[in-house]
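Throughout, read-outs are computed from the coordinates displayed, never taken from laboratory work. Since the structure is predicted, the reported quantities are computational estimates derived from the model, not experimental observations. Reconstructed Cβ throughout: ideal geometry from the backbone, glycine too, with neighbour counts over all protein chains shown.
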Amino acid sequence: MSERAGHDAIERPIRAAVLTVSDRCSRGLAEDTSGPALATMLRTRLRAEVVATRCLPDEIDQLAACFVEWSRPGAGIDLVLSAGGTGLAPRDVTPEAARSVFEREHSGLMELARLRCMAATPRAFLSRGVAGTIGRTLILTLPGSLRGATENLEALLDILPHAIETLRGEVQDDGRPDAQATSGKVVRHDD
């Protein structure tokens, strides 16, 4: 079976969770705008099911525990987005929390997001956001501002469906001319 890469090719919806990382929002002193905006983008642009949302303070142990909880096989979550805590402020610890629990880091995803966002603002490179996996869950740590969070997600929307399919084990082969599907599907790319 041959299919094109992209969100039309994904067979079952992406199950996603959104974590807002903010001392002020977690105490009710500020309104969370980034988390809801990311959830809306996931639903409308990727047709994802957003199955969990949470707001936590900038505390490594709490953030790491949330990433692990949402990555349990029983949770069935394919994609975790966090917004906040990726900058240079002393309490910005989201990358450290994520790295402490990643099984495999995938630095290329956030490098791509920063490169694609550079045209809008060179400040994209101030984000220390990271990406990686725990089991079959992909975790992306995005900037906390509404603009930064949504622009970074926008920068990755075209490749996330294929990344999720691959992580799920649904892609057996990626584009070799002689590939034959035996246990998964063959994804052929025009590029």
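Amide H contacts for H106 (H built 1.01 Å from N in the peptide plane; partners 5 or more residues away or on another chain; cut-off under 5 Å): A131, G132, T133.
Sorting 15-23, 57-65, 119-127 by their mean Cβ neighbour count within 10 Å, with the most densely packed peptide first, gives 15-23, 57-65, 119-127. Under a Cβ-Cβ cut-off of 12 Å, what is the net charge of the residues other than T137 that fall near it, where Lys and Arg count +1 and Asp and Glu count -1? Cβ neighbours under 12 Å give a net charge of +2. The charge dipole of the range 13-158, taken about the Cα centre with unit charges on the Cβ atoms of Lys, Arg (+1) and Asp, Glu (-1), comes to about 260 debye, rounded to the nearest 20. Ranked by the mean number of other Cβ atoms within 10 Å per residue, highest first, peptides 80-86, 163-169 order as 80-86, 163-169. Listed values for the range 39-54 are Karplus-derived 3J(HN,Hα) couplings in whole Hz (6.51 cos²θ - 1.76 cosθ + 1.60, θ = phi - 60°), namely 4, 5, 4, 4, 5, 7, 8, 10, 6, 7, 9, 8, 9, 7, 9, 7, and x replaces Gly and Pro. Here the Karplus curve 6.51 cos²θ - 1.76 cosθ + 1.60, taken at θ = phi - 60°, turns the phi angles of the range 56-70 into couplings of 10, x, 6, 10, 3, 4, 5, 5, 4, 5, 5, 4, 5, 4, 6 Hz, with x standing for Gly and Pro.
What the phi angles of the range 141-152 give under the Karplus curve with 6.51, -1.76 and 1.60, with θ = phi - 60°, is a coupling list of 9, 9, x, x, 5, 3, 5, x, 5, 6, 5, 5 Hz, glycine and proline written as x.
Of all alpha-carbon pairs in the range 1-126, indicate the percentage at a distance above 16 angstrom. Every Cα pair in the range 1-126 considered, those over 16 Å come to 69 percent.
Projecting the Cα atoms of A155, L29, L79 onto the charge dipole of the range 13-158 (Cβ charges, centred on the Cα centre) puts A155 farthest toward the positive pole. Proximity of backbone amide H atoms, modeled 1.01 Å from N, is registered between I14 and E49 at under 5 Å, excluding neighbours fewer than 5 places apart on the same chain. Amide H contacts of A83 (H built 1.01 Å from N, in plane; Pro and chain starts excluded): L19, T20, V21, L142 sit under 5 Å, all sequence-distant by 5 or more or on other chains.
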